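The values are calculated or read from the model by the stated rules, or taken from the named source; none is laboratory data. These figures come from a predicted structure and were not determined experimentally. When we count neighbours, we look across all protein chains shown, and the Cβ atoms used for this are built from the backbone with ideal geometry, even at glycine.
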Amino acid sequence: MYIDGFSGPGVHMVKKTGEFVLGSPLNALGIVPPFREHYLIDLDGDKVENLRALVGSRSDVHLFTGDCNKILLERVFPNVRWDQYRRGLCLLDPYGLHLDWEVLATAGRMRTMDVFLNFPTMDMNRNALWRSPGGVATEDLARMTAFWGDESWQAQAYRPVPQLGLFGDVDTEKASNDEIAEAFRKRLRDVAGFAYVPKPIPMRNSTRAVVYYLFFASHKSVATKIIEHIFERYGRM
């Protein structure tokens, strides 16, 4: 089964050229051999309706409008059970910090799911991981905690730095993007329970700034070896 938690409208426009390119759901629908079923979710009803018009009346496609955190856990993941010999490929490309850790933890426990995750570094830095955490809005701290699964992210994102002075003052500094991504990789493996979580690949914008890290998590060594080869190839570009 193919599962897309943030499916979007199905097509995207390249700003520089005005060209429309296929989004992940339509690319998945064109794969040969095909997935048996497709579960496509988005919070925006207009995007879902646009996707519905592109997909048509295919019986193997199930469209949902709403919060993917709830829909995945209640209506989609129960269809990918180990005892029914089913497997799923789940793509999670959140619009920032809009994914709850429980989705990832559940996927890890099920042992039937391979997951691609876009780890939203830019949104984290913009809204939660400031150089000084004292001024971050309460709601943004809560979103970061929901994404990470608990407040342990604070110990990973900030480290104490002793300041020279008579009173032994201690300040903090923000960890690098790579360090935060590595901490999350270990969390996917050690806490969510995925057997294999290769080093993610940083995805950059036109100015070479890291927008997000692309993670892959799986219980299959063969799948992991394929992804590691792809990540290594494109990581050099």
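Listing for the model above:
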{"item": "Residues satisfying the stated conditions in the range 210-237, i.e. farther than 23 Å from Val103 by Cβ and assigned to a loop (DSSP other than H, G, I, E, B)", "result": "Arg236, Met237"}
{"item": "Number of the exception - Thr207 against (1) under 17 Å from Leu92 (Cα atoms); (2) part of a loop (DSSP other than H, G, I, E, B); (3) of a type in the set (Val, Ile, Thr)", "result": "(1)"}
{"item": "Any hit, the range 41-62, residues being among the hydroxyl-bearing types (Ser, Thr, Tyr), touching a helix residue (DSSP H, G or I) at 6+ places or on another chain (Cβ under 8 Å) and farther than 19 Å from Ala223 by Cβ", "result": "no"}
{"item": "Where a residue in the range 15-38 is in contact (Cβ under 8 Å) with a residue 12 or more places away in the chain and closer than 14 Å to Leu51 by Cβ and its partner, wherever it lies, is among the aromatic types (Phe, Trp, Tyr) and outside any strand (DSSP E or B), with Cβ under 7 Å and at least six apart", "result": "Ala28/Phe35"}
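Rundown of residues vs (1) basic (Lys, Arg); (2) more than 17 Å from the chain's Cα centre (by Cα); (3) modelled with pLDDT under 95; (4) buried (at least 16 other Cβ atoms within 10 Å of the Cβ), yes/no style:
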residue: Ala183; (1), (2), (3), (4): no, no, no, yes
residue: Arg187; (1), (2), (3), (4): yes, no, no, yes
residue: Phe194; (1), (2), (3), (4): no, no, no, yes
residue: Val210; (1), (2), (3), (4): no, no, yes, yes
residue: Leu214; (1), (2), (3), (4): no, no, no, yes
residue: Glu232; (1), (2), (3), (4): no, yes, yes, no
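Residues checked against (1) surrounded by 10 or more Cβ atoms within 10 Å (Cβ to Cβ); (2) of a type in the set (Lys, Arg); (3) over 28 Å from Cys68 (Cβ atoms):
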{"residue": "Arg131", "(1), (2), (3)": "yes, yes, yes"}
{"residue": "Gln156", "(1), (2), (3)": "yes, no, no"}
{"residue": "Ser206", "(1), (2), (3)": "no, no, yes"}
{"residue": "Ser218", "(1), (2), (3)": "yes, no, no"}
{"residue": "Ile227", "(1), (2), (3)": "yes, no, no"}
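A quick yes/no check of all residues on (1) touching a strand residue (DSSP E or B) at 6+ places or on another chain (Cβ under 7 Å); (2) at pLDDT below 95; (3) in a loop (DSSP other than H, G, I, E, B):
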residue	(1), (2), (3)
Val32	no, yes, yes
Phe35	yes, no, yes
Tyr39	yes, no, no
Lys47	no, no, no
Leu51	yes, no, no
Ser57	no, yes, yes
Asn69	no, no, no
